[in-house]
1. Loop-only GluC sites (Glu not before Pro) in region 94-176, please: DSSP not H, G, I, E or B, and at most 16 other Cβ atoms within 10 Å.
2. Measure out, as a whole number of angstrom, how far apart the alpha-carbon centroids of region 180-220 and region 101-140 sit.
3. Distance in nm between label sites at Asp148 and Arg16, each 7 Å beyond Cα in the beta-carbon direction?
4. Summarise the long-distance tail of P(r) for region 71-152 by giving the % of C-alpha pairs beyond 19 Å.
5. Quick one: among Pro76, Pro168, Pro143, which has the greatest mean-square fluctuation in a GNM of the chain with alpha-carbon springs under 10 angstrom?
6. Lys111: which lysines have alpha carbons under 29 Å from its alpha carbon, excluding same-chain residues fewer than 8 sequence positions away?
7. For the chain, modelled as a GNM with alpha-carbon contacts under 10 angstrom, which of Ala22, Ala166, Ala146 fluctuates the most?
8. Could you tell me how far the Cα centroid of region 142-179 sits from the Cα centroid of region 1-64, in Å?
Amino acid sequence: MTETDTVSNLQAVHERIAKAAASADRMAADVSLTVVSKTWPAETIRPLLAAGHRIFGENRVQEAQGKWPDLKAAFPGTQLHLIGSLQSNKAEDAIALFDVIETLDREKLAKVFGKLYATSERRPDLFVQVNTGEEPQKGGVSPQQAVDFAQWCRDELTLPIIGLMAIPPAEEPPAPHFALLHKLTHEAELPRISMGMSGDFEIAAQLGATDVRVGSAIFGPRNSP
Ligand SMILES: *Cc1c(COP(=O)(O)O)cnc(C)c1O
């Protein structure tokens, strides 16, 4: 894919978000686009930064450490979101590099963050990941525990929890999962909802997403590892 392609794909995704939002009486500006750049090298990402985009998502701390310090230095205002599962022993590295961590998915990690945030100057905003499909192989707290867990993280551990995030099961229609996440976010009295990927970000935008995470609709298909 050439530079022009990724930049025009970005524009097309923005237009599709705007249309979907409008169809649900929402404002395009209320849906923030996180461009998921995992697996892509810095030179593929740079044209999107040069075109003015500033919000990106990566799923692995180590991979992000290899490309983002230079890109962030070159493009001030860049906001990097961690969207992949985080091992506790990488939490400190994640806090140092990422601006938002979307995958707070268990008590142990929350306690580690609680300790680190108490002394850290950097305090990335956090989403609690919810396993809406209750899939055993997927991270996230169960829908039944999500509200209590988010409030415990916020009120007891004083963590900056800003919303809930979910990745619905690949083989199910996403809308019921998006509706459930919307309901839980409302119950937890949190402002942001991260849901929707290349295949379903328009449905997510209609159902209340404030953050959609889109990779392949912009960069094309990733090579499988
Ligand atoms: C890879 C990934 C995405 C982007 O997926 P696409 O289908 O390429 O848009 C979004 N969210 C998470 C958590 C991911 O791991």
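1. For GluC sites (Glu not before Pro) across region 94-176 that sit outside H, G, I, E and B with at most 16 neighbouring Cβ atoms in 10 Å, the list reads Glu121, Glu134, Glu156, Glu171.
2. What the calculation gives is 18 Å, centre to centre.
3. 3.9
4. More than 19 Å apart: 39 percent of the Cα pairs in region 71-152.
5. Pro76
6. Lys38, Lys67, Lys72, Lys90, Lys138, Lys183
7. Greatest mean-square fluctuation among the candidates belongs to Ala22.
8. Result: 23 Å between the Cα centres.
Since every read-out is calculated from the coordinates, none of them should be taken as a lab result. Treat the numbers as computed from the prediction; the structure is a model and nothing was measured. Counting neighbours? That spans all protein chains shown, and the Cβs are built from the backbone with ideal geometry, glycine included.
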